[in-house]
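The values are calculated or read from the model by the stated rules, or taken from the named source; none is laboratory data. No experiment lies behind these values; they were computed from the predicted model shown. Methodologically, a virtual Cβ is constructed for each residue, glycine included, from the backbone with ideal geometry; neighbour enumeration extends over all protein chains shown.
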Amino acid sequence: MKKVLTLLLVVAMLATSVVMLSACGKKNDDFVAKDAADLLTEDFGIGVKKGSADLLAAVNAVVDKWVADGTMAKYEAYYTDLAKYAEDTTGTVTKPEAGDLKVTWDFGTATEVITVYTESGFAPFEFIYENEVVGVDMAIMNEVAVNMGKKIKVEDIVFDTIPTALQNDTGLAVAAAGLTISDERAEKMDFSNVYYSSTLVIVSDKEAPITSVKDLAGKKVGVQQGTSGDLIITAATKEEGYSYKTENDAGEEITVTVKAAGAEVKQYEKYAMALADLKAGRIDAILMDKLPAQTMLNAAE
């Protein structure tokens, strides 16, 4: 009997090893980002420290102009390509040309500072390139600072600590981190006008893609701590579920409730850590914003 049990254990261990090796061998292109069918589009805004009316107006001036004249879309495309170049380890990705886009800013002799709280793992909105935080949000705030005769100081911190850091700052400060505008966050900061609208996507195996939050029931789901994806899937695991308002075909406002009973939520400081666990088979999916998800998966390996 002992020999039989030993043999069974060896077989089980070998099977587990095969599965783990198979999972570890997965690449970015083994996964796909699918729109979550049961979620609304979310709007991004720059969070400004409450009571900073002049700073809020200056941010809105840049946001409104860039959205209207197409500059914002150009920055999104440029920084998406630059993030791919920055992550390339194969030498096959060409550095993108900025063209008529401003990618450096001259602050002259400015001494007054606008502190920019961010988390640099969210390309193309913010990421590290040549030891500096760059991206769409940084471009917005650099332009704002120049227009106001000031300069920026970037504080790259853990994402879910950003609202508190902004509240506690005693000077001019913003939260520029691909923040979804929400009533809860609006209690802690004033939001700029919308500069980007995003859908949440589910990153999962392309051979068996997951396309809705409800289908995450019983799955292990990776999120960045404190993000909309974290808040939504955490609410969906509870008895009351995650609810949002929308309109039916008749134009009437209705409330939709989404549940994902039994989903196990795993929180990460950075999406790169979640992707590593997804490739290794330690989680089944990642819930995150669409453009950063596409940028992440399209990075050359």
Only one residue in 171, 218 is over 27 Å from residue 258 (Cα atoms), surrounded by fewer than 23 Cβ atoms within 10 Å (Cβ to Cβ) and out of contact with any Cys (no Cβ under 7 Å at 6 or more places or on another chain), so which one is that? 171
Taking region 188-205 and the residues there that are modelled with pLDDT under 95 and not β-branched (Val, Ile, Thr), the one that is surrounded by the most Cβ atoms within 10 Å (Cβ to Cβ) would be 200
Would you be able to say whether some residue in region 31-53 is of a type in the set (Ser, Thr, Tyr), surrounded by 14 or more Cβ atoms within 10 Å (Cβ to Cβ) and closer than 22 Å to residue 276 by Cβ? no
May I ask you to verify whether residue 192 is under 28 Å from residue 174 (Cα atoms) and under 21 Å from the mean Cα position of the chain (by Cα)? yes
Out of region 221-252, which residues are over 27 Å from residue 122 (Cβ atoms), assigned to a strand (DSSP E or B) and of a type in the set (A, V, I, L, M, F, W, C)? none
All-but-one check, residue 185 against (1) in contact with a strand residue (DSSP E or B) (Cβ under 6 Å, 6 or more places away or on another chain); (2) closer than 27 Å to residue 267 by Cα; (3) not aliphatic (A, V, I, L, M), failing number (1)
Please determine whether any residue of region 253-275 is crowded, with 16+ Cβ neighbours inside 10 Å, in a helix (DSSP H, G or I), of a type in the set (Val, Ile, Thr) and in contact (Cβ under 8 Å) with a residue 60 or more places away in the chain. no
Being touching a residue at least 24 places away in the same chain (Cβ under 8 Å), among the polar types (S, T, N, Q) and part of a loop (DSSP other than H, G, I, E, B) narrows 92, 80, 109 down to just 92
Return yes when residue 70 is more than 24 Å from residue 150 (Cβ to Cβ) and exposed (fewer than 12 other Cβ atoms within 10 Å of the Cβ) and no when it is not. yes
Per-region count, region 134-169, residues part of a helix (DSSP H, G or I) and not hydrophobic (A, V, I, L, M, F, W, C): 10
Residues (exposed (fewer than 13 other Cβ atoms within 10 Å of the Cβ) and at positive phi) located in region 234-252: 251
